[in-house]
Structures are given as C-alpha cells and as structure tokens.
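Below is one structure, written out as structure tokens, with a few remarks after it.
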Amino acid sequence: MNDWMDAEHHVERAHELYDAGRWDEAETELRRALSLNPYQAEWHFNLGLTLEAAGRHQAAAESFERCFDLKSADSDADSNSALLVASNLIRAGNPESALRWIDRASEIDSANPAVLVQRIEALGDLGRYDEAEEAFYLGQQIDPEHAELYSAIARVLTAKGDHERAVWCLREAARLDPDLPRIRARLARAFADSGRLERARQLFVRELRDDPGDVDTLLDLGELLMDMHRLTEAGEKFRRVLEIEPDNPDAHHLLGELAEREDNLADALVHYDVVLRLDPNYPGVRTRLARVMLDRGREEDLPRIRDLLRRGLRDAQDDPSTPPEEFEDLGRQMLDAGIAPDAIKAFRTLLERQPGNHRAHHGMSVALLETGQVSAGIDEARRALALQPRFVPAMYNLALSHLRQRRWVRARYWVREALRIEPEDPALRRLRLKLRLHAVTCVFRWCYDICAKVFRVVCESVGRPSRG
C-alpha cells in the first residue's frame, strides 16, 4: 500500500514539474513511480509526453511503445498510442520504423485521418513523394476538410520543389484551421521558397505581432532578411532571439554567417566558437569555424584548423543526413590546410554518395596529385572530363601533370583544348608561355648541337696532317 501511495505521489509531483517546464525533473519523478509499478500504461504515456517535450524523441517513442503494449495486453489498444510512437520515430529520423507503427494504427482505426497524416510525413521523409500524394488523396476521401492533411502534404511538395502547390495547400490549411501551429510562418517560408520574398516578410511580421517572442519565427524572418540583403535588420532579429534565449545556438550560428558576409572575421569566430561550446554536435560548425580561421591567414591557427576539419569529417561521415556539398567543402578546406591525405577521404566519401559528380572527381584528382600519386590523379581528372567534357580545371591539371612528367606533347594538347574554351584564362596562358619557352629552348639546343657537330668536323678536317 505504501509503494502505491509513493508512486502516486511521484506522478502528482511529475505533473507539477511538467506544467512548470522542468522536463528532466518530471522524467525523474515518473521513472521513480514506474520503478514501483511498471505496469501503469498511463504513466508510460505521461513519460512519453515528457520526453517528447524535452526533444528526446527516440526515448519518447520507446515509452509510447510500452504504453501501447500494456494496453494491447488488456485488449484496450488504441490508434493514438501507435501514432505517437510513429510521430516520435519520424522526428528521431527513423521514418522506416514509423511506417510499421502507422500500419498498426491503421489496423485499429483505418478511418482516422491522423493515420494518413503520419503516413504522408513518413513517406515524405523517405523521398517516396508519389506514395505520399496517394495517401493525401485517400485522406481527402475520409475527411476533405482536415487541415493537417494539407499541412502535411505541403511539406512533401516543398521537399519536391513544387513551391506553388505547397503555397496553395498551406493556404487551405490556414483557411480550415487558422490555429494550426505556426501556419502563417510556414506559409511565409513557402512564399520565400517560391521567390516572393516581400510577401513572406509581411506574413512573418504578422505572425510576430501575435507572438513577439516566437523564437522560431524570429530566426526564420532573420534568415529571410539576409536573403533580401537587409543585413542590419537580420542582425536585430538574431540578437532579439539571444535576449530571449542567450544560449540559442541557431542565433549564434546565424550571427556568425552574418559576420562572414560583412567580412567581420573576428565576430564570426566568436559566434562559431560559442556554437561549438553550446552544442559540439551542431551540423557543420567546425567546417565554418575552420574556414574563417583559414581566411584569417594566421600560421599559428593551422594545428587547430586541421583538428577541426578532421573532427568535422568524422561527424559528417557518421551523419547520413549530411548534404554532399559538406564533403566537397571539407575536402577543399583540407587542401588549403595542407592535409591532402584527409582530403582524399572527404572526396572518396562524396564519390560514394555521388559517383557522377565531376567536381568530386576533380577534387580527388587534386588531392591525389598533392600526395604524389600522379597516375591516379590523372585518371581521376580524366573521369571528371568524361562526365563534363568542357571542365577547364581538369584540363589544366592534366596539362600540369604531363608537364611535370616531361610529356610535352600531351601537355600542349590539354593546354590547347582548355584555351579553346577559356582563351583569356591567365593560368592557362602562363602555362602556354612556359611550354613555348621550352619549345624555343629545345630549338636553340638543337641548333647548338648541329653547330657544334659542324664545328668539330671542320676542326678535325683542318687539323689533319698533309700527305703531299
């Protein structure tokens, strides 16, 4: 009896802490309650809500799954628990597993449009856009006035790059349910993606009138103002975020980007350093910090730059969502920092993801040539040209490589081909001049050799003794 009362006390205390936004303490209280009685589905449900509020979606999914299993054992399973498992798996970056839970929710209640909302989101994250649209049309047959269906398919259309249809769907969602979370802000972002920047700015401003402290909207508006080249106003929005949340890494990161655009490298370094301290796993921050330090051009920064780039590469390789452009950026910076062997790793990873990327083959070619692997570097340059026959940098590298191997005819061929495309390129013209000087030197050497032979023959004939 005492254990039961203690458990109830922990649950009541957890409710108070949850309402106060103290998620970690609320989690502790609920886990204490569950240690005394682990068979209360409602307590697992509350734990899931607490973990979800704290942003720990994988752990939240596990709690909702335990709640679902306990209810199923009592023949009291409902689709909502399964959908909560699915939604948290989606947010944890595991849409494939989420689909299995969506199927279970559909078996329990196939007429629930929320099931199709989750299916659209999961399929969209997996890039299965046509199936996501099919789920949207099925949902419309169940409830043609369901605002979240339009909101969900708008995300898919945005991912596809179909911004006009995304705008229309978000307008419909706002018409059907004006209270959907951040619906005007999302509509503003869709307008921005479609190129209507001023219309997007007006919607963000309206959203902020209703909620002046909305951090996400302030950040979105600041990014939009950067795109509109209104940098002073953008900085004001980001600094307003820091007044509300001084440890917001997104605001510091965007202020770093803003400082870079204004060529204020000192401020950019400060903001990126703060981001790294606040969140060591923040995507791409090490690469940006290294780039700023490279631009600053101090020799004493090189050890830290190299460490940042190596750790940045490891982080990027461990994260499957890393955009391919990140590896190209890392590879180029590694070349600038004088660590070509690590650049090879970056370009190799990029080629595994994008084997048809001619710039990746070119970067790999440069890295191989820098490490003395001339034959392999030439092969990569040729692969780049096979994919993009008019890619001048690869032609230049081939010419330079052949020149260093003293293969003059091949070097002249690639210089000639490159100059047909870029006749004013100064590097190519310098290389052509060097090859011409070599050709002139060869002619003079040949003439000298001929003259020397003639001179020797004449001398020998003059110096012979007479037999008369």
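The values are calculated or read from the model by the stated rules, or taken from the named source; none is laboratory data. Every value quoted in this text rests on a predicted model; they were computed, and no experiment measured them. Note that each Cβ is placed from the backbone with ideal geometry, even for glycine, and that neighbours are counted across all protein chains shown.
Of everything in the range 314-333 that is farther than 23 Å from Ser365 by Cβ and under 12 Å from the mean Cα position of the chain (by Cα), the residue that is modelled with the highest pLDDT is Asp315. So, of the residues in the range 259-296 that are within 20 Å of the chain's Cα centre (by Cα) and in a loop (DSSP other than H, G, I, E, B), which turns out to be nearest to Leu242 (Cα to Cα)? The extreme case among them is Asp279.
In the range 318-333, the residues that are farther than 15 Å from Leu308 by Cα form Cβ pairs under 7 Å with partners that are basic (Lys, Arg), at six or more places apart or across chains, as follows: Pro324/Arg353; Glu328/Arg359. The numbered conditions (1) at negative phi; (2) part of a loop (DSSP other than H, G, I, E, B); (3) not small (Gly, Ala, Ser) are all true for Asp307 except (2). Taking the criterion of being of a type in the set (Val, Ile, Thr) and either surrounded by fewer than 16 Cβ atoms within 10 Å (Cβ to Cβ) or not in a helix (DSSP H, G or I) (or both), the only residue of the range 333-359 that qualifies is Ile339.
Only one entry of Asp193, Asp177, Asp143 meets the criterion of being over 23 Å from Ile102 (Cβ atoms) and among the charged types (D, E, K, R), and that entry is Asp193.
Taken over the range 31-57, the residue count meeting the criterion of being in a loop (DSSP other than H, G, I, E, B) and in contact with a helix residue (DSSP H, G or I) (Cβ under 8 Å, 6 or more places away or on another chain) is 4. Under the condition of being crowded, with 16+ Cβ neighbours inside 10 Å and without any contact (Cβ under 8 Å) to a residue 12 or more places away in the chain, the residues counted in the range 271-309 number 1.
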